[in-house]
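Have a look at the structure below before the remarks.
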Amino acid sequence: MLTGLWGARKLRMPTPEEALPGRSEAIDPGPEHRVHGRPLQPPMPTGIEEIVFGMGCFWGAERLFWREPGVYSTAVGYAGGYTPNPTYDEVCSGATGHAEVVRVFHDPRAAPLETLLQRFWEEHDPTQGMQQGNDRGTQYRSAIYTVNDAQLALARKSLEAYQRRLHEQGLGDITTEIRPLERFYYAEAWHQQYLHQNPDGYCGLKGLGIQAG
């Protein structure tokens, strides 16, 4: 458990002035997806759309979505903060403002956004604020970062619907951050498809057992 000043800092979003400076060079995530060999970075085929989810530790979140039918590709990285091209250690320091996230490229005909949002709500606890289970810090917050107005409206509508379901069960308020994506930064190559490379590795995903659909 985090204690003292260090723990308090990691549970508080830094201001832009407090954030680490980062770097101009982008981090190389590797050439292709280790599970199916598709690209990690755009351009993607015509008709493929993207959305970015934060569900705590990004290893398990990425595996959840690469297994989803209709998802074309996935990649892990950082979003929602201030530091350009941060490293994993910098994000874990709490001094970048970024969340650990998974970038999901999907075919909306085979994997509608409504289905992905249902998986998002059901497979983690969106009520925990700056943590997910025993993982504590701003990088573990629940988040949805959208790339267009239609996604933003649908994400907010889905939050309202899931909030009603949680309140019906006597559960708390959703703390998920929903806003337009400003910038996605790729994580280091060793994080990409981590649970494919390390099948027995850590996965902290745990939902509340409440269906969203």
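The values are calculated or read from the model by the stated rules, or taken from the named source; none is laboratory data. Every value quoted in this text rests on a predicted model; they were computed, and no experiment measured them. We place every Cβ from the backbone using ideal geometry, glycine too, and count neighbours over all the protein chains shown. The accessibility values were calculated without ligands, DNA or RNA, using every heavy atom of the protein model including side chains. Shrake-Rupley method; radii C 1.70, N 1.55, O 1.52, S 1.80 Å.
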**OP:** Give, in nm to one decimal, the length gained when the segment between residue 114 and residue 168 is fully stretched (0.36 nm per residue of separation minus the Cα-Cα distance).
**Re:** 17.3 nm
Original post:
Placing +1 at every Lys and Arg Cβ and -1 at every Asp and Glu Cβ, with all other atoms neutral, what dipole size does segment 84-150 have around its Cα centre, in debye to the nearest 20?
Top reply: 60 debye
**OP:** Let me have the 222 nm mean residue ellipticity of the chain computed from DSSP H runs of 4+ only, each contributing -39500 (n - 2.57), with the sum over all residues rounded to the nearest 500.
**Re:** -7500 deg cm²/dmol
Original post:
In debye, nearest 20: dipole of segment 164-213 around its Cα centre with unit charges on the Cβ of K, R (+) and D, E (-)?
Top reply: 160 debye
Original post:
Taking the radius of gyration and the Kirkwood hydrodynamic radius from Cα positions alone, what is the Rg/Rh ratio for segment 1-87, to two decimal places?
Top reply: 1.03
Original post:
Which distance in Å, rounded to a whole number, links the C-alpha centroids of segment 174-197 and segment 43-110?
Top reply: 3 Å
Original post:
Once the dipole of segment 67-213 is set up with Lys and Arg at +1 and Asp and Glu at -1 on Cβ about the Cα centre, which of 110, 87, 124 lies farthest towards its positive end?
Top reply: 110
**OP:** Could you check the simple spin-label distance between residue 197 and residue 149, using points 7 Å along Cα→Cβ, in nm with one decimal?
**Re:** 4.1 nm
Subject >> Relative contact order [Cα under 8 Å, 6+ residues apart], the chain, whole percent >> reply: 30 percent
Original post:
Among 117-125, 87-95, 27-35, what's the highest-first ranking by average C-beta atoms within 10 angstrom per residue?
Top reply: 117-125, 87-95, 27-35
**OP:** Take the Cα pairs of segment 170-213, get the Kirkwood Rh, then feed it into Stokes-Einstein at 10 °C and 1.306 mPa s and tell me D in µm²/s.
**Re:** 110 µm²/s
Original post:
When only Cα pairs under 8 Å and 6 or more residues apart are kept, what is the percent relative contact order across segment 96-213?
Top reply: 34 percent
Subject >> Contact order normalised by residue count of segment 1-98, Cα under 8 Å, 6+ apart, percent >> reply: 41 percent
**OP:** Over the chain, give the accessible area per residue in Å² for a 1.4 Å probe, as an integer.
**Re:** 47 Å²
Original post:
Label-point separation (nm) for residue 48 and residue 175, each offset 7 Å from Cα along Cα-to-Cβ?
Top reply: 3.4 nm
Original post:
Hey, what's the Kirkwood Rh for the chain if you take every pair of different alpha carbons, in angstrom?
Top reply: 17.3 Å
Original post:
Using 7 Å Cα-to-Cβ label points, what is the residue 24/residue 107 separation (nm, one decimal)?
Top reply: 4.1 nm
